[in-house]
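Single-structure report; data block below.
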Amino acid sequence: MHMNIPACYSFAIASLAPLQLRSAATAFRSVSYPSTRVVPTSLRPSVCVGNNSLISNNSPTTSLRMMSYWNRETCQPTSQYEGEISKEARILALCDPHDAYNKPLYDGPLPEGSKLLAVGSTLADFDNESIINQDPNVIFVSHPNARGPLVELLNKFPSVEWVHTRSAGVDFIASDGLFSSPVQLTNAKGMFSSTLAEYCMMACTYFAKDLPRLMRQKNDVNWEQYPVLEIRGATLGVVGFGDIGRSSAKLAKAYGMKVLGLKRSIPESFSDPYCDEIYDMNGLVELVQKSDYILIATPLTEQTRGLISKEVLQHCKKTAVIINVGRGPIIDEEALIEALANGDIKGAGLDVMTVEPLPKDSQLWKLDNVLLSPHNMDMTLSFMQESTEFFINENLPRYVRGIELLNPVDKSAGY
């Protein structure tokens, strides 16, 4: 499935040309959608999800949409929630007690109607009468080894209604026990997208301007001019056009790039000013064939594990650059190393790897056409504390008032 997004935005109300929807398989089937109207940014109110679940991203769109997701670029923190407290939040923190980023949760103050019962990393840390008798109903998760203990806690405390994870990805707690449980799961989607988008464009620039050569020449005191590539006019393919993918597309558009997006499912009404063409999962090969830079920003699920396979890599341009900010196992790492070593693709910018820390004997360390970072390109000085504060300041007040929680995770999809 592949949809062309017409570029017909202006500072007046305009009609979009009919969207053409077609299969990404060999045979294409066209379906026309009715024309929609674009309300220009200057005429629309700026409303965000932190208040009434209405979101405007200050970009042309068909209408204000009912949303339930947070984005630190476009959403303002809610200064005060109004409404009657309908229930108490009794919280278990499945975390490292010494995690400084969780100090706002550990030390408080917490919103009205909320209290922290205990902090720990194993079931034994919570298995005492004083906690059991209070019927905990919320679990906040940040411990990297929380998968097993979380299921044990859910079995021990059937009173738990809601689990929130401090990270955007939920693969580190994914399990049949969690996904088959009736609890609601939320995450920190929208907290890390802007800095990862900056990394995406840095990686594009790294290869387009040949920064390794610049550094070598500086080290060698060598003044030698050489041609560079222009990013403007190049194509960025975004595998996983979600929060991170869209933030990257926004910056790519500022650079003058064409953006192709790929999503698991595409609403018929899909329209986005930062995406020129949108594909479903069947369009992956066509997307990589057309792309100069390929950003991997999809979450890790059983469906996306190994998604960028040897076969997919064989369809990439020889000048293509792979950029991975999702999870390492989404790419067949051995196939990627082979493609890089053989010159089948130009390079790779990798912030995530299959095994972390990256083993010292990995060939990735030795390849000149690989930009490596130790899974830290979203690691600003405040990033995790902001994520904890999002739980405290945005979702806890909603929970105790019975208001829809932000950032719900589709447990059937794994993200």
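The values are calculated or read from the model by the stated rules, or taken from the named source; none is laboratory data. Fair warning: this is a prediction, and the values are worked out from it, not measured in the lab. So basically every Cβ, Gly included, is an ideal-geometry build from the backbone, and we count neighbours across all protein chains shown. Calculation scope for accessible area: heavy atoms of the full protein, side chains included, ligands and nucleic acids excluded. Shrake-Rupley method; radii C 1.70, N 1.55, O 1.52, S 1.80 Å.
For segment 311-334, which residues satisfy the criterion of being in a helix (DSSP H, G or I) and over 24 Å from the mean Cα position of the chain (by Cα)?
Once the filter is applied, which keeps residues that are in a helix (DSSP H, G or I) and over 24 Å from the mean Cα position of the chain (by Cα), segment 311-334 yields E311, Q314, E334.
Of a type in the set (F, W, Y), in contact with a helix residue (DSSP H, G or I) (Cβ under 8 Å, 6 or more places away or on another chain) and assigned to a helix (DSSP H, G or I) - does that describe any residue in segment 376-390?
yes
Considering only segment 98-131, state which residues are hydroxyl-bearing (S, T, Y) and open to solvent by 70 Å² or more (accessible area, probe 1.4 Å).
Y101, S130
Cβ-Cβ under 7 Å, sequence separation 6+ or interchain: first residue in segment 250-265 and surrounded by fewer than 17 Cβ atoms within 10 Å (Cβ to Cβ) and at pLDDT 95 or above, partner part of a helix (DSSP H, G or I) and not acidic (D, E). Which pairs?
Partner pairs satisfying both residue conditions: Y255/M201.
Would segment 100-115 turn up any residue that is within 18 Å of A146 (Cα to Cα), in contact (Cβ under 8 Å) with a residue 24 or more places away in the chain and not in a helix (DSSP H, G or I)?
No.
So is I337 modelled with pLDDT of 95 or more and crowded, with 21+ Cβ neighbours inside 10 Å or not?
No; evaluated as a whole, the condition is false for this residue.
Being acidic (D, E), assigned to a loop (DSSP other than H, G, I, E, B) and closer than 29 Å to E394 by Cβ is the requirement here; does D127 meet it?
no
Restricting to segment 266-285, count the residues that are open to solvent by less than 20 Å² (accessible area, probe 1.4 Å), under 19 Å from the mean Cα position of the chain (by Cα) and closer than 14 Å to G237 by Cα.
Total meeting the criteria: 4.
Of these, V312, V288, V325, which one is crowded, with 18+ Cβ neighbours inside 10 Å, among the aliphatic types (A, V, I, L, M) and within 21 Å of T195 (Cβ to Cβ)?
V325
Can you name the number of the only condition in (1) open to solvent by less than 70 Å² (accessible area, probe 1.4 Å); (2) in contact (Cβ under 8 Å) with a residue 12 or more places away in the chain; (3) assigned to a loop (DSSP other than H, G, I, E, B) that D410 fails?
(2)
May I ask you to list the residues in segment 291-309 that are over 30 Å from K411 (Cβ atoms) and either among the hydrophobic types (A, V, I, L, M, F, W, C) or open to solvent by less than 30 Å² (accessible area, probe 1.4 Å) (or both)?
Matches in segment 291-309: S291, Y293.
If you scan segment 131-153, which residues turn out to be in contact with a Leu (Cβ under 8 Å, 6 or more places away or on another chain) and over 24 Å from G169 (Cβ atoms)?
Within segment 131-153, I131, Q134, P136 qualify.
Would you mind telling me which numbered condition in (1) among the small types (G, A, S); (2) farther than 15 Å from W70 by Cβ; (3) surrounded by 22 or more Cβ atoms within 10 Å (Cβ to Cβ) S193 fails?
So S193 meets the others, but not (2).
Is it the case that N187 is open to solvent by less than 20 Å² (accessible area, probe 1.4 Å) and modelled with pLDDT of 95 or more?
Criteria met by N187.
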